[in-house]
Amino acid sequence: MATSDPAKLIAKADKLTQLSLTRWNADWRNATVLYEQAAIAYRLAKKYEKAKDAFEKASKGQEMLSSPWDAAKHMESAAALAKEVGNWNEVSDFYRRASELYIECGRSQPASDALAKGARALEDASPDEAIRFYTDACNVLEDDGKEQMTFDLYRDATSVYVKLEKYADAATFLLRWALAADKCNATHSQCKAYLSAIIVYLYAHDFQQAEKCHNDCCQVDAFLNSDQNRVATRLLSAYTDGDIEEIKRAAQSSIISNLDHVIIKLARKLPTGDVTGLKPGATEEPLDEDDLT
């Protein structure tokens, strides 16, 4: 194989798949072997564009041979090479197709992993698409009752939302993470996700939403009696009192230090806006002595 010209291998394979007067059936078995050999040779030669195309053909060949697992593997290889050459549309298409092929095999974990690889490859070039991939990766696992395997995906997606300064979306995703944690009885992770969502709202200087989120979270007994709730309550009370120094002290607590790094960074920057207007009575209008109605 090492001395074979990959271009000749591709040409030979293409002929095997083309019907003619003398060939009534495509020989996908032999063609696929040739495509695979050519793909490996091109990759070793660092001819990534040609290697990508060869792996795509090899993937199709495995599909024609009713081998979706091998087809998915080749599609992932094509996706990784698409990343090398900066073809982001193909990165998206190939990783998604690989995931679909794994699902055909009934394998949710590699199907989710393929989407996660796509998400990480797309984070810089197409962050919105990356978030869609992370979301779909979570869905694949949750549909198979594997919520405990989604936590890293939720963490990564939240980080992308924060980078994009989409704080409301980040908080919503954290609350979804808490729900997934609840389904697999991961109480500690659930409470951390709730506290993280409250911190994100505070960082966005949306005190009302932070307070509403806290009230909703307190309907869950596990959170109500948790250390995370005590910190959240301390933070919100400090905001209500307009006590900037207490907000900063609360943000330095060990409970917050045990959250994910991206959340810790947000917490350490609190408060991000004027908190004096949150004091009770701070926004009350002065009494108009002429208005006695």
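The values are calculated or read from the model by the stated rules, or taken from the named source; none is laboratory data. Computed from a prediction, not measured in an experiment: that's the story for all the values here. Every residue, glycine among them, receives a Cβ derived from its backbone with ideal geometry; neighbour counts consider all protein chains shown. All accessible areas refer to the heavy atoms of the entire protein, side chains included, with ligands and DNA or RNA removed. Shrake-Rupley method; radii C 1.70, N 1.55, O 1.52, S 1.80 Å.
Run the helix sum for the chain: -39,500 (n - 2.57) per DSSP H stretch of 4+ residues, divided by residue count, reported at 222 nm to the nearest 500 deg cm²/dmol.
Calculated from helices alone, the mean residue ellipticity at 222 nm is -22500 deg cm²/dmol.
For the chain, give the percent of accessible area contributed by carbon and sulfur heavy atoms, probe 1.4 Å, rounded to a whole number.
Numbers: 7300 of 15460 Å².
Solvent-exposed carbon and sulfur of the chain make up 47 percent of the total.
Tell me, what ³J(HN,Hα) does each residue in the stretch 159-176 have, in order and in whole Hz, if you take phi through Karplus 6.51 cos²θ - 1.76 cosθ + 1.60 with θ = phi - 60° and put x for Gly and Pro?
With the stated coefficients, the stretch 159-176 comes to 4, 5, 4, 5, 4, 7, 6, 9, 6, 5, 5, 4, 5, 4, 5, 5, 5, 5 Hz.
Run the simple label-point estimate for Asp227 and Lys248 please: 7 Å along Cα→C-beta, distance reported in nm.
Output for this residue pair reads 2.4 nm.
Return the distance in nm (one decimal) between the two label points of a simple spin-label model at Asp5 and Asp216, each offset 7 Å from Cα along Cα→Cβ.
Each label point lies 7 Å from its Cα, and together they span 6.5 nm.
If you line up the long axis of helix 28-44 against the longest principal axis of the chain, both from Cα atoms, how many degrees apart are they, to the nearest 10?
Result, in degrees: 60.
Give the accessible surface of the chain per residue, rounded to a whole number of Å², with probe radius 1.4 Å and ligands, DNA and RNA excluded. Walk me through the numbers before you get to the answer.
Details: 15460 Å² over 293 residues.
I get 53 Å² per residue for the chain.
State the label only: which of [x] 22.7; [y] 15.2; [z] 16.7 corresponds to mean projected area of the Cα convex hull in nm² computed from the shown model?
Computed from the coordinates, mean projected area of the Cα convex hull in nm² corresponds to [x].
Between Met64 and Ser20, what is 0.36 nm times their sequence separation minus the Cα-Cα distance? Round to one decimal in nm.
14.0 nm
For the chain, take the longest principal axis of its alpha carbons; what is the angle in degrees between that and the long axis of helix 187-203, to the nearest 10 within 0 to 90?
Helix 187-203 sits at roughly 70 degrees to that axis.
How many nm separate the modelled label positions at Glu84 and Ser257, each set 7 Å beyond the Cα in the direction of the Cβ?
Placing both labels 7 Å beyond Cα along the Cβ direction yields 4.5 nm.
Could you sort the peptides 152-163, 194-205 by per-residue average Cβ neighbour count (10 Å cutoff), highest mean leading?
Most protected by this proxy first, the peptides run 194-205, 152-163.
Report Rg(Cα)/(2.2 N^0.38 Å) for the stretch 94-208, keeping two decimals.
On the way: Rg = 14.4 Å, N = 115, 2.2 N^0.38 = 13.4 Å.
Cα Rg divided by the expected 2.2 N^0.38 Å: 1.08.
Between the stretch 22-45 and the stretch 242-281, how far is it from one alpha carbon centroid to the other, in angstrom?
Measuring centre to centre over Cα atoms gives 60 Å.
Using θ = phi - 60° and the Karplus form 6.51 cos²θ - 1.76 cosθ + 1.60, what ³J(HN,Hα) does each residue of the stretch 213-220 get, whole Hz, x for Gly and Pro?
4, 4, 4, 5, 5, 6, 6, 9
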